[in-house]
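To start, the structure under review is shown below, and the notes come after it.
The values are calculated or read from the model by the stated rules, or taken from the named source; none is laboratory data. As the structure is a computational prediction, the values presented were derived from the model and not from experiment. Note: ideal-geometry Cβ built from the backbone for every residue, glycine included; neighbour counts use all protein chains shown.
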Amino acid sequence: MQSGTQKTVLHLDLDSFFVSVERLTNSALNNKPVLVGGTGGRGVVASCSYEARRYGVHSGMPMRTALQLCPEAIAIKGDSSRYSKYSDIITEIIKEEVPLFEKPSIDEFYADLTGMDRFFGCFKMATEMRSKIIRETGLPISFGLSTNKTVAKVATGEAKPNNRLEVSSGFERPFLAPLAVKKIPMVGQKTGLLLNRMGVRYIHTLQEMPVELMEKAMGKNGINIWQKANGIDNSPIVPYQERKSISLERTFQKDTIDVQKLETLIIAMAETLAFQLRQGNKLTACVTVKIRYSDFNTYTLQKRIPYSSNDDVLIASAKELFKKLYHRRLLVRLIGLRMSHLVGGGHQINLFEDSVEKIRLYQAMDAMRNRFGQNAVSRAKTMESKGLGRSNPFNGMPSAIMAHRRG
């Protein structure tokens, strides 16, 4: 470990979050296999209860497959607005209790409790905060407490369901050693298969391997995996900023009253920003349209939405706001679109309404954009809307899309 103050990191994760929210209003779902997601023939599982997981069901699986594995399961179409509401409630509780926290997804949090031992005792503080969340929301939540984010997150996984676990300084390696390599954050299915082919099934095998061997086999990623297997992780807590946003604006060389041109541009902006959200593994909960007229008067209108990075949802919201805001008799000088209240979480929240085909379509379109450039694929209506800044605002590159914090 580094010299200086010993870090103490808390990881909190809500247990089967979407299922747990559904059970709050329908106790008949308790202790039964429950699937939340698209309930149509081509729907996808967004979340599943522990009772369903015993049958091999997991999130991201086609709903039809899940029901074949677990015919007794109760399938429910998700309500992302309710999940967003409960996520916000929990965020406010954590904000009141800790000085520094990170929200990587709608149902997951990290908090830096370093130094709190002098005042409260970190495990006691974490336990009291967990109890407050359970008391005020009725939702089960687990936590892991350790010296870094990796070990804390793995500890949470081992504590589940609805429990807590502390891994003290000096016990990180022995705690991780007997666990399967798939328990290491960032080890997905493909990486897990590669490690298995190398004869690595448990973390203790990784711990005993020279780091040079992992680097030779997997490059920089191999070094990162080896470090995590040995309980080494110096990544910081990224402070949560609710008002973080990305935006696009276009100032016209000549003021326009062409409503079709303006609406097409709004659609192109929404499409671009949705792609950037997915690339940054982000979801937005607020859409804002901005219009500046030829007299330099500027107006904005915003709308709160359930967390999403879905083209269809964001385009519809942007068009709705534009139609409410635009005064057809005035020439327009500037038009803009902003997505704010961002959280991590990727495409998960969109699984309630998306079909397997739609998810695969988004993935294919994004893959083509990554390979051939961001203008490689777009809706026919937006083909003429070129020149939008389309570099990724989450990778630090200069762009007309600006990632910023307001206020």
Could you pull out every one of the helices (runs of 4 or more DSSP H) wholly within the range 133-236 that has 1 or more residues that are more than 23 Å from the chain's Cα centre (by Cα) and surrounded by fewer than 17 Cβ atoms within 10 Å (Cβ to Cβ)? 172-176, 189-197, 203-208, 211-218, 220-229
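With the structure loaded, tell me whether residue 302 is outside any helix (DSSP H, G or I) and either assigned by TED's automatic domain parsing to the domain that holds residue 6 or of a type in the set (S, T, N, Q) (or both) or whether it fails that test.
Working: outside any helix (DSSP H, G or I): yes; either assigned by TED's automatic domain parsing to the domain that holds residue 6 or of a type in the set (S, T, N, Q) (or both): yes.
Taking the combined requirement at face value, the residue satisfies it.
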Odd one out for residue 63 among (1) closer than 21 Å to residue 105 by Cβ; (2) touching a Ser or Thr at 6+ places or on another chain (Cβ under 8 Å); (3) of a type in the set (A, V, I, L, M): (1)
Can you give me the number of residues within the range 255-299 that are modelled with pLDDT of 90 or more, charged (D, E, K, R) and in a strand (DSSP E or B)? 3
Output for the range 276-304, where each listed residue is among the basic types (Lys, Arg), touching a Ser or Thr at 6+ places or on another chain (Cβ under 7 Å) and free of Cβ contacts under 8 Å to residues at least 40 places away in the same chain: 303
So which of 338, 333, 278, 304 ends up being at negative phi and surrounded by fewer than 16 Cβ atoms within 10 Å (Cβ to Cβ)? 304
Among the candidates 240, 307, which residue alone is touching a strand residue (DSSP E or B) at 6+ places or on another chain (Cβ under 8 Å), touching a residue at least 60 places away in the same chain (Cβ under 8 Å) and part of a loop (DSSP other than H, G, I, E, B)? 240
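Conditions (1) of a type in the set (S, T, N, Q); (2) under 19 Å from residue 81 (Cβ atoms), marked per residue:
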residue: 269; (1), (2): no, no
residue: 279; (1), (2): yes, no
residue: 288; (1), (2): yes, yes
residue: 322; (1), (2): no, no
